[in-house]
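The values are calculated or read from the model by the stated rules, or taken from the named source; none is laboratory data. Because the structure is predicted, anything quoted here is derived from the model rather than measured. Using ideal geometry, Cβ is built from the backbone for each residue, glycine included, and neighbour counts are taken over all protein chains shown.
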Amino acid sequence: MNDQALPGGLEAALAAIVGERGIVRGAHERAPFENDWRDYYHGRAAAVVKPASTAEVSRVVALLCEAGVAIVPQGGNTSLCGGSVPDASGTQVVVNLSRMNRVRAVDPDNNTMTVEAGCVLATLQETADRHGRLFPLSLGAEGSCEIGGNLSTNAGGTGVLRYGNTRDLVLGLEVVLPDGRVWDGLRGLRKDNTGYDLKHLFVGAEGTLGIITAAVLKLFPRPTAVATALMAIDSPATAVAMLSRLRACCGDRVTGYELIGRICIDFVMKHMPATRDPFPERHPWHVLVELSDSGERAALDAMLEEALGNAAEDGMIRDAVIAATEAQRDAFWKIREDITEAQKLEAVSVKHDVSVPVSRVPELIERAGADLARRFPGVRIVAFGHVGDGNIHYNVFGPAGEDASAFFAKSAEVNRIVYDVVASLGGSISAEHGLGVLKRDEIKRYKGALELDMMRAIKSALDPRGLMNPGKVL
């Protein structure tokens, strides 16, 4: 399988468990499992196995545990922090769950569905929709990311403002522990006060405590009306003030609230030529806002129009456009979704996925920008994202016309400036992407010693041999 042989007979034993379909052979075939989708992290696995059931995962893990072989759990491999790829040693086995893609049950009356870890997120959204329900987790990689990875990283996305992170969308888990035992916690209960809530140990643990093989997920009534608008505003401070105003008049109908800086739209228009600026004049900041509810769309549009009209009369917003058609709504969201690709086409940048209290988002953007500009004159800041929950994607480009690679080489200094501001505001250096390898060492500067000691104690209790996704998180 690889020029790095597994301990005697282990390869054959793995093949006996998962069958020939469950073994990925050949360097070319293994490449998508050994490298991340951004082509940033590159590893080499001793083997790549793809079990088709929880029983197979259990047997694979038990075998590898007995042999003392490290395991890298993997789903869609869309991690942005290197959490789902092996290291370069050629000694770790990737256990990919993509073949475990069954929806085991849907219970509309309980508003739950029980699904396997390899289910693609978009498929689960479609499954919920067919049953007249909503599964609200939504993010850019939803066509390829898998729910096991979403759970393992506690993914966020655009619906957190109303529905919460992935952690808030799970009621129960099935997990294969590092010794191969299976914990069956697939309970569809909203009340269960019988001790430690163990599922939350594994959500956000990035596969370092066990392998999530299935989950009971929350569903919600499917909205029958959606109203979407793009606002032009002066500043992030206005965005925060408008959020408070909208929530006061529209309540929990506010589902999405995305901040978009002017430079974001400029990049999208530059690299996606079919994109049109939604406004006839240039504005420094924009917010994409979406309401959803039961009932008729006309009533929701009227509610949003009244709220925006009153704000305009009070001088809070410069301009606003309410999507009149589904195509116009899609066009607004496409601008938001294309920001990531447009940045990639522009140049390499130093990326940050950070969060602060919502009230302090304007201070984050202003202070970090000022500190960076003093150290790197001409630096360009691309700030956008989920201002409604305090999660800003704060990406830093070198001055226009200068060597982007040379600036990227200064990532450590850029990170320190941004992270120090985030920490001073009571924030987190990882809002929704996790730690993986990228921030594994950086977190030591921003978490207290006691907190890290507690994390290590949990890791030691569940994985005393350190075989589950070693080198990630801790």
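Can you report the number of residues in region 417-455 which are more than 24 Å from residue 88 (Cα to Cα) and not aliphatic (A, V, I, L, M)?
Residues that pass the stated criteria total 14.
Does region 95-144 hold any residues that are at pLDDT 95 or above, over 26 Å from residue 180 (Cβ atoms) and within 18 Å of the chain's Cα centre (by Cα), and which are they? Can you show your working first?
From region 95-144, those at pLDDT 95 or above are 95-137; that's our starting set.
Narrowing further to those that are over 26 Å from residue 180 (Cβ atoms): 106-113, 120-137.
120, 121, 122, 123, 124, 125, 135, 136, 137, listed by residue number.
Got at least one residue in region 153-160 being farther than 25 Å from residue 21 by Cα, hydroxyl-bearing (Ser, Thr, Tyr), touching a strand residue (DSSP E or B) at 6+ places or on another chain (Cβ under 8 Å) and in the same structural domain as residue 216 (by TED's automatic domain parsing)?
Filtering region 153-160 down to residues farther than 25 Å from residue 21 by Cα leaves 153-160.
Checking which are hydroxyl-bearing (Ser, Thr, Tyr) leaves us with 153, 158.
Now narrow it down to the ones that are touching a strand residue (DSSP E or B) at 6+ places or on another chain (Cβ under 8 Å): 158.
Cutting the leftovers down to in the same structural domain as residue 216 (by TED's automatic domain parsing) gives us 158.
Checking region 153-160: at least one residue is farther than 25 Å from residue 21 by Cα, hydroxyl-bearing (Ser, Thr, Tyr), touching a strand residue (DSSP E or B) at 6+ places or on another chain (Cβ under 8 Å) and in the same structural domain as residue 216 (by TED's automatic domain parsing).
Somewhere in region 298-314, is a residue within 22 Å of residue 396 (Cβ to Cβ) and at pLDDT 95 or above? Break it down stepwise before answering.
Looking only at region 298-314, we keep the residues that are within 22 Å of residue 396 (Cβ to Cβ), and these are none.
No, the conditions are met nowhere in region 298-314.
I'm checking my understanding of the structure. Among residues of region 1-59 that are in a helix (DSSP H, G or I) and of a type in the set (Asp, Glu), which one is modelled with the highest pLDDT? Please lay out each step first, then the result.
From region 1-59, those in a helix (DSSP H, G or I) are 10-18, 20-22, 27-34, 54-59; that's our starting set.
When the remaining residues are screened for being of a type in the set (Asp, Glu), the result is 11, 20, 29, 34, 56.
Values: 11: 87, 20: 92, 29: 94, 34: 95, 56: 98.
Checked region 1-59; the qualifying residue modelled with the highest pLDDT is 56.
Taking residue 167, is it surrounded by fewer than 18 Cβ atoms within 10 Å (Cβ to Cβ) and closer than 18 Å to residue 353 by Cβ? Steps first, please.
On the way: surrounded by fewer than 18 Cβ atoms within 10 Å (Cβ to Cβ): yes; closer than 18 Å to residue 353 by Cβ: yes.
Criteria met by residue 167.
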**Request:** Specify the residue that is surrounded by the fewest Cβ atoms within 10 Å (Cβ to Cβ); the eligible residues are those in region 36-77 that are under 24 Å from residue 173 (Cβ atoms) and in contact with a Ser or Thr (Cβ under 6 Å, 6 or more places away or on another chain).
**Result:** 54
**Request:** Report, by residue number, each residue of region 78-113 that is in contact with a Leu (Cβ under 6 Å, 6 or more places away or on another chain) and surrounded by fewer than 22 Cβ atoms within 10 Å (Cβ to Cβ).
**Result:** 111
**Asked** Quick check, is residue 456 within 30 Å of residue 237 (Cα to Cα) and either free of Cβ contacts under 8 Å to residues at least 24 places away in the same chain or more than 18 Å from the chain's Cα centre (by Cα) (or both)?
**Response** no
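Quick check on region 308-321: of everything there that is part of a helix (DSSP H, G or I) and more than 31 Å from the chain's Cα centre (by Cα), which residue is farthest from residue 333 (Cα to Cα)? Write out each step before concluding.
So the first thing to find is which residues in region 308-321 are part of a helix (DSSP H, G or I), and the list is 308-313.
From the residues that got through so far, the ones that are more than 31 Å from the chain's Cα centre (by Cα) too are 309-313.
Numbers: 309: 22, 310: 24, 311: 22, 312: 22, 313: 26 Å.
Filtering first and then ranking leaves 313.
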**Item:** Subset of region 72-94 [over 22 Å from the mean Cα position of the chain (by Cα) and farther than 18 Å from residue 39 by Cβ]
**Value:** 89, 90, 91, 92, 93
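So, in region 177-207, exactly how many residues are closer than 18 Å to residue 61 by Cα and within 23 Å of the chain's Cα centre (by Cα)?
Within region 177-207, the first condition is being closer than 18 Å to residue 61 by Cα, and the residues that meet it are 177-184, 202, 205-207.
From the residues that got through so far, the ones that are within 23 Å of the chain's Cα centre (by Cα) too are 202, 205-207.
Residues in region 177-207 being closer than 18 Å to residue 61 by Cα and within 23 Å of the chain's Cα centre (by Cα): 4 in total.
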**Asked** Name the residues in region 223-260 that are modelled with pLDDT under 95 and of a type in the set (Asp, Glu), would you?
**Response** 252
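Going through 396, 361 one at a time, which residue ends up being at pLDDT 95 or above, assigned to a strand (DSSP E or B) and either crowded, with 22+ Cβ neighbours inside 10 Å or under 19 Å from the mean Cα position of the chain (by Cα) (or both)? Let's see the steps before the verdict.
Values: 361 fails: assigned to a strand (DSSP E or B).
Residue meeting the stated conditions: 396.
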**Request:** For region 298-317, indicate whether the set of residues that are touching a Ser or Thr at 6+ places or on another chain (Cβ under 9 Å) and of a type in the set (Asp, Glu) is non-empty.
**Result:** no
